[in-house]
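Heads up, the thing below is written out as structure tokens.
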Amino acid sequence: MDVPWLLVAHGSVTALVVVSFLCGQWPIFEGTFVQRINHFLTFGAYHHFLRLVHAACGNGARDLVLGVERYCCERPNPILQVFYVAIIGVTYFIIVQTSFQYIPGYYVSGLHRYLSIVAVAIGALLFVLTSFSDPGTVTTENVSQYLSAYPYDGIIFEEKECSTCKITRPARAKHCRICDKCVARFDHHCGWMNNCIGEKNTRYFVAFLVWHFLLCLYGAVVLGFILAGELKERKVIYILTVYYGIDNSFSGLFPHVAQWLLVVHNTQILLAVFLAIIALLLGGFCGYHTHLCLMNTTTNETFKWQDYIMWKKKVNQEKAAANGEVRKASPSKWKAFFCRSHSQADEPVVKNNIYDKGMIRNLCEVIVPLSERQSFSRRKSD
């Protein structure tokens, strides 16, 4: 039948797009179609769209698109916040309208009607806390405390003045060009929250990611149990095997069961697939930001270390070339990804994170930021 192959094709294309978007810049995908898809999704599609608008409507329309881009990407705006509320509201409304009629069911308790409301409300609360809480703004009143709380490592952070705020920028802080303020322990500016993620609200942001990952997973699982319950209550497998003579095996039943589900419960299947894909994406972000918290580092610092390591490797290669070292032919990108090179030119660069105090203390620093401790107000800059 065509239904299983349609599902397989849909799943394969979705997986390819997700992997290309998230992992297309990995070294192992260099020069492959995965990297090309990543470039198209992140850069090429937008540039082609601009060229199309310019060719079809002229410079005025192109300037209008660029103006919208500047408003969306370079200024604080609530567009993605409204989009988030719309996604949550519309998705939950559709679930209530189409799936609550099957609750309680064969495998699903009636308690899930009320549990889902509580789960969505907690997610909304975490969204509000992350969006509207102070990320840890550095001001003239607290800069001395932050300077004492976070020492400079002399590698990726050195003492310098913020040219915009006209104050000494503490280590781990960064001036956000969108919010136009210096933020302590700056991680990144999140458009979904219309706010920076910094020292004071990283805990809310990570909790938001974890909770929404669990929320989407919970929704997908409950919808799956609803479908399984419908199969059981309507005796679909019994009818297919007894009355239609279908072989009682996975390969025999799957095409027919899938066709029945797509015809009778297509909305539930689409919702479950949608929630599963979102859960997959959120799971990746959860893992990444949980790792950052446990290592007491940030997204901003991760990029700084990457730039420093690349620069240091280039310096090592130049030194090796100056000393007359003959470089061997480069190994394949797959071998380079899984194997460590012992060449002097590729001498490993040590990442010395002086802010890493052990996973327990690192996690405590995220949950209870330094600026909210009594010792912070007593700190004096040297």
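The figures follow:
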item: Theoretical FRET efficiency, 1/(1+(r/R0)^6), r = Cβ-Cβ of ALA258 and ILE94, R0 25 Å, to 0.05; result: 0.70
item: Where labels lie 7 Å past Cα in the beta-carbon direction, separation of ALA56 and THR164 in nm; result: 3.5 nm
item: Dipole moment magnitude, nearest 20 debye, region 140-186 about Cα centre, only Lys, Arg, Asp, Glu C-beta charged; result: 200 debye
item: Correct choice for volume of the Cα convex hull per residue in Å³ that was computed from the model, options [x] 119; [y] 230; [z] 155; result: [y]
item: Chain lengthening between LYS304 and TYR152 when straightened (0.36 nm per residue, less Cα-Cα); result: 53.3 nm
item: Nearest 10 degrees, 0 to 90: helix 250-264 Cα axis against the chain principal axis; result: 90 degrees
item: Long-range HN-HN contacts of ILE246 with modeled amide H, under 5 Å; result: THR241
item: Distance between modelled label sites at SER375 and SER109, nm, 7 Å Cα→Cβ extension; result: 4.4 nm
item: Fully extended contour minus Cα-Cα distance, from ALA86 to SER144, at 0.36 nm per residue; result: 16.7 nm
item: Given LYS160/LYS304; LYS319/LYS357; LYS174/LYS312; LYS181/LYS312; LYS160/LYS200, the pairs whose alpha carbons are separated by over 25 Å; result: LYS319/LYS357; LYS181/LYS312
item: Potential lengthening between ASN323 and LYS232 on full extension [0.36 nm per residue; Cα-Cα distance subtracted]; result: 25.3 nm
item: Cα gyration tensor, region 102-250 - rounded (a/c under 1.5), prolate or oblate; result: prolate
item: Ordering of 287-294, 241-248 by packing [mean C-beta count within 10 Å, highest first]; result: 287-294, 241-248
item: Karplus-derived HN-Hα couplings along region 275-291 (A = 6.51, B = -1.76, C = 1.60, θ = phi - 60°), whole Hz, x at Gly and Pro; result: 5, 5, 5, 5, 5, 4, 5, 5, x, x, 5, 4, x, 5, 6, 5, 4
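Values quoted throughout were computed directly from the atomic coordinates according to the rules given, and no laboratory measurement underlies them. If you're wondering where the values come from, they're calculated on a predicted model, not measured in any experiment. Backbone-built Cβ (ideal geometry, glycine too); neighbour counts: all protein chains shown.
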